[in-house]
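Have a look at the structure below before the remarks.
The values are calculated or read from the model by the stated rules, or taken from the named source; none is laboratory data. Source: prediction; values computed, not measured. Here the Cβ positions follow ideal geometry from the backbone for every residue, glycine too, while neighbour counts run over all protein chains shown. Each accessible area value is taken on the protein alone, full model and side chains, heavy atoms only, with ligands, DNA and RNA left out. Shrake-Rupley method; radii C 1.70, N 1.55, O 1.52, S 1.80 Å.
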Amino acid sequence: MRSFSAARLSPTQRKRLGRLAAVTAALAVLGLSYALLMRYTGLAVPCPFRELTGLLCPGCGVSRMCLSLLSGDFAAAWRYNPALLCISPLFAALIFDLALRYVKEGSLRPHKWANVLLWIMIITLLAFGVLRNL
């Protein structure tokens with residue numbers, strides 16, 4: 001298996017890597033800005049599902065979970081959303097695989113195994129959303 005090295009990239013692949021780096025940096029700035037806004041003002045985007053139904057959605061607690069992770073408090077992160085905490089490393093691996101595929105091939109289509117794993121994660125989160133409200 002060939003290793004991934006920026007020095008071996010074609011000009012087209014370097015351009016894709018640059019775009020990917022710009023998008024990643026923009027998302028990181030947005031995420032950290034939101035985290036700082038939440039931490040210092042207490043303002044957060046309310047969950048529309050919870051506002052409409054009064055029930056917790058599968059993603060409820062994700063903002064507090066992420067803030068807890070940024071603070072290194074894994075126990076609190078677990079309390080806010082254990083399913084998403086468990087799935088997060090798998091999701092990160094899928095994103096990393098998709099990013100590599102984009103840079104190398106220019107494709108934003110995930111591999112077949114990635115689609116299967118993504119559906120398993122979605123079903124797991126939906127089941128968690130139902131079970132947490134029982």
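Cα convex hull, the chain: 146 Å³ per residue, rounded to a whole number.
Its Kirkwood hydrodynamic radius, worked out from the mean inverse distance over all distinct Cα pairs, puts the stretch 1-72 at 15.4 Å. Toward the positive end of the charge dipole of the chain, with +1 on the Cβ of Lys and Arg and -1 on the Cβ of Asp and Glu, the farthest Cα among Ala76, Leu90, Ile123 is that of Leu90.
Entry note, the chain: relative contact order of 26 percent, from Cα contacts under 8 Å with a spacing of 6+ residues. Using a cutoff of 8 angstrom between alpha carbon atoms and counting only pairs six or more residues apart, the relative contact order for the stretch 50-125 works out to 24 percent. Note on the chain: with neighbouring protein chains present and a 1.4 Å probe, carbon and sulfur make up 71 percent of its accessible heavy-atom surface.
Compactness of the stretch 31-108 is given as radius of gyration and Dmax, 15.3, 45 Å, from Cα positions.
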